[in-house]
Amino acid sequence: WGEARDTIATLEKYSDYRSQSARTWVDETDSLFYNSMVLNISCFILAAIVGMVLSMMITKAIASPLEDVARKASLVAEGNLDQHFTVDGKDEIAEVANSLGKMVEHLRVRILESEQKSKEAEEQSQKAMQAMTEAENAKQEAQASQAAILKTAEEVEAVVSRLSSSTEELSAQIS
């Protein structure tokens, strides 16, 4: 029995050793699992923070030029054509800003043209009024000569026709 007891004792020691090894392994595994869980959660939180910061930066990079373009477009809509649309870049916002800038420039040119044509029409109108006054004076002075009166009336009618045609053209161009 001595040998059996020694074998049993050796087996018990081996069993204790294996149990201790298994406990150590389980403890190490639990520790590794806990550490990796903490690391994963930390990485997730860090990624969420970095994502939020990046999204705020991207939003600001898009929103700031867009707000500037919208503000200037509102001023143009109110009649202030002294706005300059300048946005750096080659994205859609820059394209919209450049298009709005071109549109405002075209509006400025069209308004200047309309003012010029209005001025010309006013001058033509004054000339026509002067011509009508002169025709009236000529009519009163030349009552003795009916042929001269008819000729003067025809000239006045031609001037009025040109004035009317110019006014219609101007109205069509302004509209």
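The values are calculated or read from the model by the stated rules, or taken from the named source; none is laboratory data. These figures come from a predicted structure and were not determined experimentally. Glycine gets a Cβ as well: all are built from the backbone with ideal geometry, and neighbour counts include every protein chain shown. The accessibility values were calculated without ligands, DNA or RNA, using every heavy atom of the protein model including side chains. Shrake-Rupley method; radii C 1.70, N 1.55, O 1.52, S 1.80 Å.
Just to be sure, is L81 open to solvent by 60 Å² or more (accessible area, probe 1.4 Å) and of a type outside the set (D, E)? Break it down into steps so the answer makes sense when it comes.
On the way: open to solvent by 60 Å² or more (accessible area, probe 1.4 Å): no; of a type outside the set (D, E): yes.
So L81 does not fit the description; no.
Name every residue in the range 90-143 that is more than 30 Å from A63 (Cα to Cα) and among the aliphatic types (A, V, I, L, M), in order of residue number.
Of the residues in the range 90-143, the ones more than 30 Å from A63 (Cα to Cα) are 109-143.
Once the filter is applied, which keeps residues that are more than 30 Å from A63 (Cα to Cα) and among the aliphatic types (A, V, I, L, M), the range 90-143 yields V109, I111, L112, A121, A128, M129, A131, M132, A135, A138, A142.
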task = Please go through the range 57-93 and pick out each residue that is of a type in the set (V, I, T) and outside any helix (DSSP H, G or I).
result = T86, V87
ask   = L112 is checked against (1) more than 23 Å from the chain's Cα centre (by Cα); (2) modelled with pLDDT of 90 or more; (3) hydrophobic (A, V, I, L, M, F, W, C); (4) surrounded by 12 or more Cβ atoms within 10 Å (Cβ to Cβ) and fails just one. What number does that condition carry?
value = (4)
ask   = When the range 62-78 is examined, which residues are found to be open to solvent by 60 Å² or more (accessible area, probe 1.4 Å) and hydrophobic (A, V, I, L, M, F, W, C)?
value = I62, L66, A77
